[in-house]
Amino acid sequence: MALLSDALLRVQPSATVGISQLARKMRQAGKDVIALSAGEPDFDTPEHVRAAAIAAINRGETRYTDVDGIAELKEAVAQKFRRDNGLDVTADDCFVATGGKQIIFNALLATLNPGDEVVVPVPYWVSYPEIVRLAGAEPVFAEASQETGFKLTPEVLEAAISEKTKWLILGSPSNPSGAAYTADELKGLAEVLLRHPHVHILTDDIYEVLVYDGRDFATIAQVEPRLMARTLTMNGVSKSHAMTGWRIGYCTGPREILKAMTKLQGQSTTNPPSISQWAAVEALNGPQAFLGAWRAVFQKRRDYVVGRLNQCEGLECLVPEGAFYAFPSCKELLGRTSAGGRALATDEDVVMALLEENGVALVHGSAFGLAGHFRISYAAADAELEQAMDRIEAFCAGVR
Ligand code: GLU
């Protein structure tokens with residue numbers, strides 16, 4: 001009898017988590033590696049948020065909580081959705097989990113059956129299709145390539161929907177491309193979705209606060225309120241408030257789905273960590289002004305990194321509109337050989353050669369469904385980015 005389950009064998013390991021772990025191991029072994037593989041702000045969690053967590057510990061907030069989150073946090077989440085996104089929701093329409101990933105996990109596991117389809121725009125965040133597969137359903141990939149600014153068009157969406165489609169997963173600003181849909185672009189997609197009332201929408205808004213050049217963030221349930229009854233709007237404090245390790249994600253959506261997610265969560269993690277929940281209450285209710293300053297830092301880093309990437313031989317990079325990733329094409333390097341003598345047949349070869357020869361950890365585009373690209377996270381200190389860009393430039397210049 002096989003030890004591992006069929007469900008597990010359907011799933012690929014997470015490349016973002018895997019490469020970051022490999023980079024950490026190489027560093028522990030004394031290698032000089034700059035890791036731009038994981039998307040994680042390099043800022044510290046703000047002082048007022050840390051203080052709220054310490055106060056929670058000292059108050060003894062250290063026991064189990066309600067499965068779907070403490071009342072105070074669900075209230076803060078509802079207020080956030082009303083304040084920032086114009087979504088008319090109450091605490092009863094909100095749900096908290098151990099990171100945004102667990103929101104997606106719960107929602108898909110609680111709703112998908114074998115044979116169901118989920119439309120996933122390509123490039124996608126590595127975990128979307130794998131969670132769909134784990135649930136026994138099929139991801140249906142819808143191209144959103146560099147030619148359309150990495151955005152799904154209404155025509156491509158229409159063609160991807162079938163009678164079996166249960167969900168569309170939207171992520172904006174996108175991991176890995178940084179593409180951010182405007183309200184008008186979302187309206188175009190919403191028109192298609194209005195014609196297909198059996199399709200639910202899972203929107204991953206985790207990079208909401210990171211939209212650049214004065215753009216406004218838009219989310220589909222706000223743009224088209226008629227979709228609200230079948231949209232799960234997911235967000236979290238990880239990227240916005242530099243709280244990746246605290247593991248708090250949240251969402252609002254149809255109560256029937258939230259109830260099912262609560263049932264599932266009650267049989268898995270029971271509740272998100274109590275201390276982290278109190279920290280998230282402070283993150284959402286406390287001062288938000290510093291987010292603008294952080295955004296300005298990221299925008300400056302984006303400009304620097306994209307400028308340097310476009311000067312590298314064989315690379316071509318669109319200017320991302322949000323998040324903290326750039327997703328250049330490395331197609332011109334393929335079929336050639338690195339300075340260290342490695343054959344560069346695929347984007348994965350490029351990324352591995354760059355790691356082994358020049359000590360920069362990135363993630364290959366094919367992990368996100370789009371070969372011929374790689375993802376670089378610019379959520380790192382300026383000096384580190386400068387050094388990484390010097391190394392990438394040297395690598396590219398050495399390709400024969
Ligand atoms: N979302 C981040 C990334 O894409 C964190 C790692 C992960 O969970 O994938 O790098």
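A short reminder: the numbers here are calculations on the coordinates, not readings from a lab. Computed from a predicted structure; not experimentally measured. Neighbour counts run over all protein chains shown; Cβ positions are idealised from the backbone, glycine included.
Summary of values
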item: Solitary cysteines of the chain, where the nearest other Cys Cβ is not under 4.7 Å; result: Cys94, Cys251, Cys317, Cys330
item: Sorted peptide list for 188-200, 128-140, criterion being average Cβ within 10 angstrom, highest first; result: 128-140, 188-200
item: Among 360-366, 19-25, the order from most to least packed when residues are scored by Cβ within 10 Å on average; result: 360-366, 19-25
item: Span from the region 136-176 Cα centroid across to the region 298-319 one, whole angstrom; result: 26 Å
item: Mean residue ellipticity (222 nm) of the chain, computed from DSSP H runs ≥ 4 via -39,500 (n - 2.57), nearest 500; result: -12500 deg cm²/dmol
item: Overall form of region 163-268 per C-alpha gyration tensor (a/c, 1.5; a/b vs b/c); result: oblate
item: Gaussian network model of the chain, Cα within-10 Å springs - most flexible of Gly214, Gly372, Gly39; result: Gly214
item: The chain, relative contact order [Cα under 8 Å, separation at least 6], %; result: 21 percent
item: Antiparallel %, DSSP beta bridges [both residues in the chain], to 5; result: 45 percent
item: Contact order normalised by residue count of region 76-190, Cα under 8 Å, 6+ apart, percent; result: 22 percent
item: Relative contact order [Cα under 8 Å, 6+ residues apart], region 254-400, whole percent; result: 21 percent
item: Proximal charge balance of Thr90 [Cβ under 10 Å; K/R count +1, D/E count -1]; result: -2
item: Extension gain (nm, one decimal) between Arg226 and Ala260, 0.36 nm per residue minus Cα-Cα; result: 10.0 nm
item: Whole-Hz ³J(HN,Hα) from phi, Karplus 6.51 cos²θ - 1.76 cosθ + 1.60, for region 60-69, glycine and proline x; result: x, 7, 10, 10, 3, 10, 3, 4, 8, x
item: Cα-centred dipole magnitude for the chain, charges only on beta-carbon of K, R (+1) and D, E (-1), debye, nearest 20; result: 760 debye
item: Distant-in-sequence amide H partners of Asp205 (H built 1.01 Å from N, under 5 Å); result: Met234, Asn235
item: Potential lengthening between Val319 and Ala159 on full extension [0.36 nm per residue; Cα-Cα distance subtracted]; result: 54.8 nm
item: Cβ-derived FRET efficiency at R0 51 Å, Ala339 paired with Ser268, nearest 0.05; result: 0.60
item: Rounded if a/c under 1.5, otherwise prolate or oblate - region 263-367, Cα gyration tensor axes; result: oblate
item: Sum of side-chain charges, Ala180 neighbourhood, beta-carbon under 11 Å (Lys, Arg +1; Asp, Glu -1); result: -4
item: log10 of Debye I(q)/I(0), alpha-carbon scatterers only, for the chain at 0.15 Å⁻¹; result: -1.46
item: Within region 139-165: backbone nitrogen closer than 15 Å to the Glu191 label point (7 Å, Cα to C-beta); result: 153-159
item: Computed E for Thr62/Asp88 - FRET, C-beta separation, R0 35 angstrom, nearest 0.05; result: 0.50
item: Shape of region 182-236, Cα gyration tensor, a/c cut at 1.5; result: oblate
item: Against the rule of thumb 2.2 N^0.38 Å, how large the Cα Rg of region 81-131 comes out; result: 1.40
item: Dipole in debye (nearest 20) - region 167-301, about Cα centre, beta carbon charges: Lys, Arg +1; Asp, Glu -1; result: 280 debye
